[in-house]
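Trainee: Structure provided below as structure tokens; questions to follow.
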Amino acid sequence: SVWLVEEAGLPREWLPAALFGYGLTGVAANILSGPASGRLGVERTIAMGLSLSALGCLAMWLFPTPIWAGIGGLICMGWFWLMSMAPIQARLVRLAGERAPLALAFNSSALYVGMAIGSAVGGALYELEGVGTLPLYAACGIAAALFVFLASRLGEASVEARARGRRSARGRRERSGRRGRARLTGRRGEGEVGPAEGDAP
């Protein structure tokens, strides 16, 4: 709200309407995140949301005026940031399995702790540099979150590859064992020679 008034030049009497519109944007983004996840996949939706949200922050920093450009960057940032929230929770549920409720609780706690820390850091930066560079720092923070997410995806892929390798090796051992037992059974069958025809009982 401070950025809208001081940097983008939004009249103060329009601020409640702008914040109300931002809230509606968040509602729409959450509603559409489900179809987006179904079409693109959860991981791609998260990566897209974080990437475009960071670009929205950069647009706010580079083009705060005219006012429609600043509000456009803000809507882009909020839309894609909030679109990634539901897919992040869906991914947590998939990874946590039976511990999904605990994972979601930790996720909510981390979200509010991050908001508190972000508010404190943003206030300090505002005192030091003013409001103009806040979107740039926000973009850096979102880029860091995207980096952590992509790193976790690489780690998850590595774990899945090792698990597939173990399953493949176990399957080969089982097939080899079955073939060995089959050969042994065949040899035993050949060694069991019955009485020939014409032999005395």
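The values are calculated or read from the model by the stated rules, or taken from the named source; none is laboratory data. Since this is a predicted model, take the numbers as computed values, not measurements. For neighbour counting, all protein chains shown are included, and Cβ atoms are generated from backbone atoms with ideal geometry for every residue, glycine included. Side chains included, ligands, DNA and RNA excluded: accessible areas come from the protein's heavy atoms. Shrake-Rupley method; radii C 1.70, N 1.55, O 1.52, S 1.80 Å.
Trainee: Across region 72-102, what is the total count of residues that are within 30 Å of W3 (Cα to Cα) and in contact (Cβ under 8 Å) with a residue 40 or more places away in the chain?
Mentor: 15
Trainee: If you don't mind, there's one more thing I want to ask. Against the definition (assigned to a helix (DSSP H, G or I), among the small types (G, A, S), farther than 21 Å from R94 by Cβ and out of contact with any helix residue (DSSP H, G or I) (no Cβ under 6 Å at 6 or more places or on another chain)), how does G34 come out, yes or no?
Mentor: So G34 does not fit the description; no.
Trainee: Can you report the number of residues in region 6-17 which are open to solvent by 30 Å² or more (accessible area, probe 1.4 Å) and of a type in the set (A, V, I, L, M)?
Mentor: Adding up the residues that qualify gives 2.
Trainee: Scan region 119-135 for residues that are under 27 Å from the mean Cα position of the chain (by Cα) and either acidic (D, E) or open to solvent by 40 Å² or more (accessible area, probe 1.4 Å) (or both) and jot them down.
Mentor: S119, A120, V121, L134
Trainee: I'd like the full set of residues that are open to solvent by less than 30 Å² (accessible area, probe 1.4 Å), hydrophobic (A, V, I, L, M, F, W, C) and over 25 Å from the mean Cα position of the chain (by Cα), limited to region 20-73.
Mentor: A69
Trainee: Taking helices (runs of 4 or more DSSP H) that do not extend beyond region 56-146, which have at least 2 residues that are among the hydroxyl-bearing types (S, T, Y)?
Mentor: Answer list for region 56-146: 100-129.
Trainee: Identify the single condition in (1) modelled with pLDDT under 90; (2) closer than 27 Å to L24 by Cβ that E156 does not satisfy, given that it satisfies every other one.
Mentor: Status for E156: all satisfied but (2).
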